[in-house]
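What follows is calculated from the coordinates using simple rules that are stated; it is not laboratory data. Because the structure is a prediction, the values reported are computed rather than measured.
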């Protein structure tokens, strides 16, 4: 906690001078996002550069920072690559100097700093240049968008174009990392504008990211920040977000699983990670078998059909009723750090329409020795509000907003604060 406080204070002083030039002190910031249907990844258009233009980024909850392809048409009069051993390089925690044999351009300068970049979809990595440039984002009072505000020297990384190979949304230029690092998107924005070090994620076909504290008001006038339960947030050395799931229940009955898999061991294996780039929740093989078998038993009245990859359990959907919170199937509880702190998942987050008349349990077998025993995927997060408090290391979660007759698509982006 002391080290976290130290870097928040450092960032505050680093950005305080440029913030003093802002004419608007925002209460919070807001960023619209949408799901790309072919890839099931979530995309935000972030305005960068001079002149400004919207650049599409894939949202990566556990990414360490924002990185963008600079090999193709990165044109900006305000691009700057900090010198090696500069304050910016120290903040980015990189002390590796780089040279570039080609003509100087964004992403290619001598005596600048190197960052190692990761495409979390393909797992390919490569070196990139630490850089800074203008970034703009809308402010909000929590109920509608306000004036656009600007960070003149937002730190990010310039990536080689090969890192964008793979099954990504069309036109994507990089990844926007929300991980808890000194140059993660939420930390830089909160520090620059003097906001609380919190951000909230609300995924859906259309959704929203808030930087700063609530209220987060969804139509018809519901402050969803008031619906949160809380659990400790476990942050890895790489800035990734984990929570403590201690057991799983289906229809209020315990699923028999090896509880030792739910704890992160000294080698960093095990535990439960939260992810926006895993389309569906991944379960270690023995957990997957236990969960699917137990779920099938609890839904034995519905005819099963052949499984459709990547899923392992599918049903004839004509025999499943529809409810306000999705298909009428047994609920699933993730029991957290205390027995009375439960993240309940309902049909909309448990099932997916694999094809006409076929609903599948939206969980995937992750194999025998995955790094994390459970990775809570994006389908399970949709229409649930998650608030990440980076100062106190707490995760707030709402369960399904559909119960409140609202959703993550219901933020009012059409009128101005």
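Structure values in brief
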item: Most mobile listed residue (396, 166, 174) in the chain, GNM with C-alpha springs under 10 Å; result: 166
item: Global geometry of the chain, whether rounded, prolate or oblate, following the gyration tensor of its Cα atoms and the 1.5 cut on a/c; result: prolate
item: Helix 2-20 vs. the chain, principal-axis angle (Cα, 0 to 90°, nearest 10); result: 50
item: Percent breakdown of C-alpha pair distances by 10 Å bin, ordered from the shortest bin, for the range 168-284; result: 10, 32, 36, 20, 3
item: The range 217-310, Cα convex hull volume normalised per residue, Å³; result: 190
item: Anisotropy class of the range 222-404 from Cα gyration tensor, a/c 1.5 cut; result: oblate
item: Gaussian network model of the chain, springs between alpha carbon atoms under 10 Å - residue of 145, 51, 32 with greatest fluctuation; result: 51
item: Convex hull of the range 132-212 built on C-alpha atoms - directionally averaged projected area, nm²; result: 6.5
item: The range 18-126 - Rg (one decimal) and Dmax (whole number), Cα, Å; result: 16.2, 45
item: Helix-only CD estimate at 222 nm, as mean residue ellipticity for the chain, using -39500 (n - 2.57) per DSSP H run (n ≥ 4); result: -3500 deg cm²/dmol
item: Convex hull projection area averaged over all views, the range 176-242, Cα basis, nm²; result: 5.6
item: Candidates 324, 267, 27: whichever shows maximal mean-square fluctuation once the chain is modelled as a Gaussian network with Cα springs under 10 Å; result: 267
item: Global form of the range 2-214, assessed from the alpha-carbon gyration tensor, a/c cut-off 1.5; result: oblate
